[in-house]
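Have a look at the structure below, then the notes.
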Amino acid sequence: MDTDVVQVHTGTRVVTDLTQPVLDFCRDRGDGLCHIFVPHATAGVALIETGSGSESDLQDAIARVLPRDDVYRHRHGSRGHGRDHVLPAFVSPSLTLPVFGGRPALGTWQSVVLVDTNVDNTDRKVRLSFLPG
């Protein structure tokens, strides 16, 4: 299995597009599976359409389902940080994509994104692994 770690600076973004690093990682690897894993307790990865407003829609949906209010038992960090630790139960910290001829089999409008609401940590690692088929 081949693996690599991509460094991602999220800044103030909740949704960060990872599609290009995933495409670059898979290129020239043939057929197999690409596994994307975020080794953080407050982030996840998802497939969504980007560039059409979906990023803001996802951010708004997270705010409705997991408000940043101070209602969580987990209370260290910034106000409402407990919500960040609940996020991976809703947005998985990993996903696996089929790869054919070195290209992930993404749908026409699908992009791979990092979803991270944690304003206390703006630098993330994403592990990409490739299992040949």
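Looking at region 80-99, can you tell me whether even one residue there is more than 16 Å from H40 (Cβ to Cβ), among the β-branched types (V, I, T) and at pLDDT 90 or above? Working first, answer last.
Taking region 80-99 first, the residues more than 16 Å from H40 (Cβ to Cβ) are 80, 96-99.
From the residues that got through so far, the ones that are among the β-branched types (V, I, T) too are 96, 99.
Those left that are additionally at pLDDT 90 or above: 96, 99.
Yes, that holds for at least one residue.
Take the residues of region 104-128 that are surrounded by fewer than 13 Cβ atoms within 10 Å (Cβ to Cβ) and either assigned to a helix (DSSP H, G or I) or among the charged types (D, E, K, R) (or both): which is farthest from the chain's Cα centre (by Cα)?
Filtering first and then ranking leaves D120.
Give the residue, chosen from D69, D60, that is among the charged types (D, E, K, R) and at pLDDT 95 or above. Before the answer, list the steps.
Numbers: D69 fails: at pLDDT 95 or above.
That would be D60, the only listed residue that is among the charged types (D, E, K, R) and at pLDDT 95 or above.
Which residue, of A63, A41, A89, is surrounded by fewer than 18 Cβ atoms within 10 Å (Cβ to Cβ) and either among the basic types (K, R) or over 30 Å from L131 (Cβ atoms) (or both)?
Values: A41 fails: either among the basic types (K, R) or over 30 Å from L131 (Cβ atoms) (or both); A89 fails: either among the basic types (K, R) or over 30 Å from L131 (Cβ atoms) (or both).
Only one candidate passes the filter, namely A63.
Residue-wise test of (1) more than 30 Å from R27 (Cα to Cα); (2) of a type in the set (A, V, I, L, M); (3) free of Cβ contacts under 8 Å to residues at least 40 places away in the same chain; (4) not in a strand (DSSP E or B).
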residue	(1), (2), (3), (4)
L47	no, yes, no, no
D60	yes, no, yes, yes
L87	yes, yes, no, yes
V99	no, yes, no, no
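Looking at region 8-45 only, could you name the residues that are of a type in the set (G, A, S), part of a loop (DSSP other than H, G, I, E, B) and closer than 16 Å to R127 by Cα? If you could, list the steps in order and put the result at the bottom.
Taking region 8-45 first, the residues of a type in the set (G, A, S) are 11, 30, 32, 41, 43-44.
Add one more test, that the residue is part of a loop (DSSP other than H, G, I, E, B), and what stays is 11, 30, 41.
Selection gives A41 alone.
Can you tell me which residue among V99, V5 is of a type in the set (A, V, I, L, M) and farther than 22 Å from R124 by Cα? Spell out the reasoning first.
Working: V5 fails: farther than 22 Å from R124 by Cα.
Going through V99, V5 in turn, the sole match is V99.
The values are calculated or read from the model by the stated rules, or taken from the named source; none is laboratory data. Computed from a prediction, not measured in an experiment: that's the story for all the values here. Note that each Cβ is placed from the backbone with ideal geometry, even for glycine, and that neighbours are counted across all protein chains shown.
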